[in-house]
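Asks: After the structure tokens below, expect a handful of questions from me.
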Amino acid sequence: MRTIYLRKDYPNYTRKILIDMAYLSSHKKIRLLKNYFEDNLYFPFNTDGSENKIQKYFLTRDKIISEDSNHYYFDFPFKANQVEDTAF
């Protein structure tokens, strides 16, 4: 499975956070350390396979489905090949 990064845009750079791919592939959920969570984290995706229609899927507090002492868990509503993986 290829890697997927969450992103956060800043004025001069973009921060990328690697998603726990082993957990994603076995549970179909995103597991994110609580220390890494902040507002405006997203991953770019396309719904129709067209590279011209990239949208942003934001991870917000209302999308947290569960949590434990160290992690937040989010649903992953797409197939892995729908997520944009271009590094920039």
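The values are calculated or read from the model by the stated rules, or taken from the named source; none is laboratory data. For clarity, every value in this text was computed on a predicted model and none was experimentally measured. Virtual Cβ from ideal backbone geometry, glycine too; neighbours counted across all protein chains shown.
Asks: Would you please name the residue that is modelled with the lowest pLDDT, looking only at residues in region 59-79 that are surrounded by 13 or more Cβ atoms within 10 Å (Cβ to Cβ) and among the hydrophobic types (A, V, I, L, M, F, W, C)?
Replies: Only one residue tops the list, namely F78.
Asks: Filter region 33-56 down to residues that are polar (S, T, N, Q) and modelled with pLDDT of 90 or more and give me whichever is nearest to Y10 (Cα to Cα).
Replies: Step one: of region 33-56, the residues polar (S, T, N, Q) are 35, 40, 46-47, 50, 52, 55.
Cutting the leftovers down to modelled with pLDDT of 90 or more gives us 35, 40.
Working: N35: 18, N40: 10 Å.
It comes out as N40.
Asks: Can you list residue pairs whose Cβ atoms sit under 9 Å apart, with the first residue in region 8-35 being farther than 13 Å from Y73 by Cα and among the aliphatic types (A, V, I, L, M) and the second being modelled with pLDDT of 90 or more and not in a strand (DSSP E or B)? Count only pairs 6 or more apart in sequence or on different chains.
Replies: From residues that are farther than 13 Å from Y73 by Cα and among the aliphatic types (A, V, I, L, M), the pairs are I17/Y36.
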